[in-house]
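Colleague: First the structure, then my questions, so here it is.
Bear in mind that the values in this text are calculations on the coordinates, not laboratory data. All values derive from a computational prediction rather than experimental measurement. Cβ coordinates were reconstructed from backbone atoms using ideal geometry, including for glycine residues, and neighbour counts include every protein chain displayed.
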Amino acid sequence: MKSEDLLRAIGDIDESYIAEADSGPVPKTQRWRRYTGWIITAAAAVLVILISVKLLRPVRKSEQLSSANAVAENRTEKEKTAGADYDLMKAEAEEAADYDVAEEAGVEEAAGYDVAEKAAVEEAADYDIAEEAAVEEDAAYEAAAGAMTGDHAAFSASAGTAADDDTAFMAAAGTESGANEVSGQRYTFEISSTREADTAEQGEWLDLAGKHILIEKEGGGIRRARWENESGICTLTAEGEPFTREELEQLIGELA
Amino acid sequence: MDDREIIELYLSRKEQAVTESDAKYGRYCGRIAYNILGDIEDTEECVSDTWLRAWNAIPPTIPKILKAFFGKITRNLSLNRLEKEHARKRGSGETGAVLDELAECVADPRAEAWSADSVVLRDTINAFLKDLPAENRRIFIRRYWYMDPVSQIALDERCGESRIKMILLRARKELAKRLMKEGIEI
């Protein structure tokens, strides 16, 4: 075979190759241009995703808002309940505080009442003493006059009644008292349920007739004696001359 | 006018077909002829002969690709004219260089007989071209079918001539292997 034969044989090739070769070289695409299609596709996909995300976000936001509102409502309900409980507790606490205050006030009032009562008792005791003094003064006046009249007896009786009334009053106030006379010696005797003598009284202590007795001395004698027995505090007061120790021991023995 | 209409003109035996063919493919065919003959007058005659040959061929032949059909006619006419008028005189156009290059693919360039079956040879060359990369195939055909100068191919392909020459050398070696493999006498 000659080269001319080969040249002619080449001339008989497929016409598509002939047309392809004459169309010229395909313009070489730059490297980045090869990926242009992919880049455009990816950009479109990203755009679609962004748009869908942006569209979906308000829906989710509204859902979140609704759920947040629901939570807030629940919270509000809880807070309301808690607030109501708190209000109730606060009211109860205030009420309790008021009650405490009232109770305290009541206690204080009761204490005030006790004080007033004590003052009333003391006042009554003073009244009794004054009454007794008046009676004694009347009796002394009558004795000095040397006449024992029915009026005087009536008076004495009435005075005794009055004294009994006072005794009853004092007994009602928790104090018993009485005016007596032993060996010509007038004295008053009180029994008080309160124990004021323990704290208020001052004096000298004696042991007479088996009792521990607080005495107030006056002019060498004993003006008042106090001791404690089952009924309360017993007070024995000399109305005239002070008691001697023997007289006081005898009186206590008799009274006991 | 598109190829279908030109073919219709040939089929209807209208002389306008020659005019339309020359207007559309005269330059194309002239390039092929000039690459082989290297002479303007011979080229013009070859191109004119091309329209006459086409007028005689259509019908009955109906070309699939009109451009390639005209190109083939021009090429064959040009080679015939070259053989006839110059009696193996090398020196006109690219033909001499092309023949020297293709001589690498044949065992005895001076052998007179062509023992190989032309159909087998054509199929072998088509298979070889099919397996070539598109760029290499385009360069190969431009050089050995259109007989374009290497410099022009390099210019059109935007690369150096050495690269074109290297591609052509590898292609020729591959073609020689194919021909040997198919038992074509080389």
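Colleague: Please give the charge dipole size of chain B, origin at the Cα centre, charges +1 on K and R Cβ atoms and -1 on D and E Cβ atoms. Round to the nearest 20 debye.
Modeller: Here chain B has a charge dipole of around 580 debye.
Colleague: Next question. Arrange B:LEU132, B:LEU155 by Cβ neighbour counts within 10 Å, fewest through most, would you?
Modeller: Final ranking by Cβ density, sparse to dense: B:LEU155, B:LEU132.
Colleague: Would you tell me the mean number of C-beta atoms belonging to other protein chains that fall within 10 Å of each C-beta in B:67-73, as a whole number?
Modeller: Mean shielding count: 4.
Colleague: Add +1 for every Lys or Arg and -1 for every Asp or Glu among the other residues with Cβ under 13 Å from the Cβ of B:GLU8, and state the total.
Modeller: -1
Colleague: Projected onto the charge dipole of chain B (+1 at Lys/Arg Cβ, -1 at Asp/Glu Cβ, origin at the Cα centre), which of B:ALA57, B:SER12, B:VAL119 gives the Cα projection farthest towards the positive end?
Modeller: Among B:ALA57, B:SER12, B:VAL119, the one farthest towards the positive end of the dipole of chain B is B:VAL119.
Colleague: What's the ranking of B:44-50, A:234-240, B:57-63 by average number of surrounding C-beta atoms within 10 Å, highest first?
Modeller: Most protected by this proxy first, the peptides run B:44-50, A:234-240, B:57-63.
Colleague: For the stretch B:67-74, in order, what is each residue's ³J(HN,Hα) by Karplus, 6.51 cos²θ - 1.76 cosθ + 1.60 with θ = phi - 60°, in whole Hz (x at glycine and Pro)?
Modeller: Karplus values, whole Hz, x for Gly and Pro: 4, 5, 4, 4, x, 4, 4, 4.
Colleague: How many Cβ atoms of partner chains, on average, are near each residue of B:137-144 if near means within 10 Å of its Cβ?
Modeller: 5
Colleague: Could you give each residue of the stretch A:36-42 its phi-based ³J(HN,Hα) in whole Hz, using Karplus coefficients 6.51, -1.76, 1.60 with θ = phi - 60°, and x for Gly or Pro?
Modeller: After applying 6.51 cos²θ - 1.76 cosθ + 1.60, I find 4, x, 5, 4, 5, 4, 5 Hz.
Colleague: What are the ³J(HN,Hα) values, in whole Hz, obtained from phi via the Karplus relation 6.51 cos²θ - 1.76 cosθ + 1.60 with θ = phi - 60°, for each residue of the stretch B:6-11 in sequence order, with x given for Gly and Pro?
Modeller: Coupling constants for the stretch B:6-11: 5, 4, 4, 5, 4, 5 Hz.
Colleague: Sticking with this structure for a sec: Sequence-distant or interchain residues sharing an amide H contact under 5 Å with A:GLU228, placed H: which?
Modeller: A:HIS212, A:CYS234
Colleague: Just rank B:VAL150, A:VAL48, B:VAL98, fewest to most, by other beta-carbon atoms within 10 angstrom.
Modeller: A:VAL48, B:VAL150, B:VAL98
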